[in-house]
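Below you'll find the structure, written out as structure tokens, and then a few comments.
The values are calculated or read from the model by the stated rules, or taken from the named source; none is laboratory data. Here the structure is a predicted model, which is why all the values come from computation and not from measurement. Heads up, the Cβs are rebuilt from the backbone with ideal geometry, glycines too, and the neighbour counts pull from every protein chain shown. Accessible surface areas use protein heavy atoms only, side chains included; no ligands, DNA or RNA. Shrake-Rupley method; radii C 1.70, N 1.55, O 1.52, S 1.80 Å.
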Amino acid sequence: MDRSLAGLTQRRARRSEPVQRENALIEITELYKFYGEQRAVGPLSAKIERGEIVGLLGLNGAGKTTTLRILSCDLLPSSGTVVVDGDDVVERPDAVRAKIGYLPDTPPLYPEMTVRAYLRFVAALRGVAPAQLAAAVVDAARQTGLEAKLDDTIETLSHGYRQRVGIAQAIVHRPALVVLDEPIAGLDPVQIMEMRELIRGLRGAHTVLLSSHILSEISETCDRLFVLKDGAIVAQGTEAELSAALLGGMRVEVQVRGDADLPRLLAELAEVTEVRAAGTPEPGVHAWTVHARQDVRERLCQELVRAGVPLVGLSRGERELEAIFERLVTAPAATAPTRPEPGVAALGEAS
Amino acid sequence: MSRALLIARRELAATLSSRLGATIIAGALLVDGLYFYWFGLSERKLSAEVLQSFFYGVSGTTMIAGLLLAMRLIAEERQLGTMTLLNTAPLRDRDIVLGKFLSALTMLALLTVLTAYMPALIFVNGKVSVGHIVVGYVGVLLLGAATIALGLLGSALARSQVMALVIGALLLVPLVLLWGLARASDPPLNAVLARLAIHHDNFRPFMQGILELDRALYYLALTAFLLLASTKVLEARRWR
């Protein structure tokens with residue numbers, strides 16, 4: 001067979017069949033996105049496992065939204081591959097779209113529709129069978145706490161409820177992957193807490209990828225973090241892993257009632273490097289700062305309870321996460337890669 | 001196709017419930033009625049001439065209504081941020097374009113049906129054939145379809161509804177004025193320009209109750225070309 005013909009046949013075969021499925025739900029390889037000559041994303045490679053809640057953390061303009069839009073098939077990459085559940089976003093966008101629920105930074109809502117009519121429309125658009133539409137709508141409304149608002153017109157809803165409708169439309173077709181872009185932006189503190197609970201409630205049924213520039217949101221909600229800077233991942237891992245790698249350990253703040261001698265009590269813990277008194281926040285309560293090589297919160301708790309010390313509070317250092325974030329995003333930028341050579345960026349041309 | 005119909009149904013419901021949709025229909029009906037009264041009934045004419053005059057007037061309001069109905073189709077989705085919803089749903093760009101087009105065409109058909117009392121008056125009180133009325137309306141709908149497709153292209157290109165209307169008008173006016181250019185040109189260019197003009201030579205036979213297949217094909221081809229162009233615009237935006 002002619003070589004070029006063989007190549008064409010192979011490419012067609014690749015397009016018609018899903019890529020071999022692995023355990024990772026998302027595989028991003030050497031992804032780049034350029035707006036003109038401006039590099040918005042890249043080089044970016046990452047894997048996300050099924051069932052994880054993963055956070056994309058970065059300052060405004062770090063490339064979070066562009067990455068999520070590519071993942072949701074709203075935007076085409078300049079080069080590189082993004083595979084979702086075995087399907088490439090360029091080769092099989094329809095297959096990918098059917099598996100994804102996407103909430104952009106502004107919820108895509110039709111103000112004149114009722115919540116029920118809107119969710120029904122979105123579910124039908126995303127391929128839910130007509131017989132299952134009503135059940136899908138009720139289920140999504142239940143998960144997002146919208147049962148009482150189903151017959152309200154969207155334009156009459158508060159910002160918090162609109163955000164819930166945004167999440168409901170992202171999960172109404174029960175996708176494998178839910179992508180949320182800045183889901184708590186503009187919410188008040190009570191709504192933020194409710195939204196965190198809502199997102200945590202998606203665990204198990206969906207893999208969740210969310211973006212934010214607010215560190216506390218990411219750390220409270222996600223299992224794993226990707227820190228983005230200038231379109232590239234500068235760090236990834238769990239909160240504790242990042243802390244250990246970047247700050248050389250973890251700082252834990254402990255409050256105990258009475259005058260227990262914590263340095264002596266914790267001397268046997270090999271992970272603990274330093275224990276320092278940190279004042280008396282309230283009468284009879286002493287605060288201590290414990291430095292450790294890794295996450296020792298559980299061990300500390302066990303040791304103190306075993307020693308009969310009245311434990312009032314135990315938490316990781318308040319400024320620690322901020323210190324990690326600051327260190328990552330303010331570090332001098334690496335040399336910005338130029339646009340890949342035409343041969344490398346052939347993905348778009350091939351499609 | 002089913003998802004295009006889904007989009008069309010939602011869009012149609014939104015237009016029918018909006019003040020803009022009602023205003024466009026009411027305004028077009030008012031202008032049609034006044035035009036019919038002043039230019040159709042105010043002087044002694046043959047019934048067929050009155051009917052021609054009616055279709056001439058309706059063709060003008062149809063073009064304007066077509067542009068007004070089409071301006072919001074995609075530009076409004078962008079303004080609301082709901083274009084992302086359509087872009088990330090498992091459907092093709094051509095489904096979006098087709099759904100939007102069908103919704104506006106249905107609105108225009110509704111408007112056209114509401115003008116039927118005027119030819120009915122001529123039919124009852126004068127002497128015109130049903131064929132003349134039917135062919136005239138076919139011409140109006142074909143012209144309307146082409147105008148909507150043109151406005152839809154403007155809407156696909158623009159970020160706001162006002163810009164969509166401006167772009168649509170900038171595309172429509174030269175297509176109408178090609179007729180004047182044809183009169184000022186020498187053969188064989190004048191024949192080509194006259195054939196390409198969206199209204200004059202191509203619409204006149206319908207007005208007169210003559211169904212010419214090549215004129216109908218012109219409108220269908222123009223509509224298909226413009227819808228394809230809108231689809232390509234949406235596809236190209238994904239590369240940006």
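When segment A:20-50 is examined, which residues are found to be surrounded by fewer than 16 Cβ atoms within 10 Å (Cβ to Cβ), in a strand (DSSP E or B) and of a type outside the set (D, E, K, R)? Within segment A:20-50, A:29, A:35, A:38, A:45 qualify.
Please indicate, with yes or no, whether at least one residue in segment A:132-152 is polar (S, T, N, Q), under 30 Å from residue B:93 (Cβ atoms) and either part of a helix (DSSP H, G or I) or within 13 Å of another protein chain (Cβ to nearest Cβ) (or both). Yes, the conditions are met somewhere in segment A:132-152. Of all residues in segment A:108-119 being buried (at least 21 other Cβ atoms within 10 Å of the Cβ) and more than 10 Å from chain B (Cβ to nearest Cβ), which is nearest to residue A:155 (Cα to Cα)? The extreme case among them is A:115. Answer yes if at least one residue in segment B:31-41 is of a type in the set (Ser, Thr, Tyr) and at pLDDT below 95, and no otherwise. Yes. A search for C-beta distances below 9 Å between a residue of segment A:257-270 that is within 18 Å of residue A:293 (Cα to Cα) and any residue that is open to solvent by 50 Å² or more (accessible area, probe 1.4 Å) and acidic (Asp, Glu), counting only pairs 6+ apart in sequence or on different chains, returns A:263/A:274. Scan segment B:195-240 for residues that are buried (at least 20 other Cβ atoms within 10 Å of the Cβ) and assigned to a loop (DSSP other than H, G, I, E, B) and jot them down. Listed by number, the residues that qualify are B:197, B:198, B:199, B:209. Applying the condition of being facing chain B (nearest Cβ under 8 Å) and closer than 24 Å to residue A:199 by Cβ to segment A:91-107 and asking which residue is most open to solvent (accessible area, probe 1.4 Å) yields A:106.
One line per residue, one yes/no per condition, for (1) touching a Lys or Arg at 6+ places or on another chain (Cβ under 9 Å); (2) surrounded by 22 or more Cβ atoms within 10 Å (Cβ to Cβ); (3) within 14 Å of another protein chain (Cβ to nearest Cβ):
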residue: B:25; (1), (2), (3): no, no, no
residue: B:35; (1), (2), (3): no, no, no
residue: B:38; (1), (2), (3): no, no, no
residue: B:62; (1), (2), (3): no, yes, no
residue: B:73; (1), (2), (3): yes, yes, yes
residue: B:80; (1), (2), (3): no, no, yes
residue: B:87; (1), (2), (3): yes, yes, yes
residue: B:107; (1), (2), (3): no, yes, no
residue: B:121; (1), (2), (3): no, no, no
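The number of residues in segment A:57-76 being at the interface with another protein chain (Cβ under 10 Å from one of its Cβ atoms) and either in a loop (DSSP other than H, G, I, E, B) or open to solvent by 10 Å² or more (accessible area, probe 1.4 Å) (or both) comes to 6.
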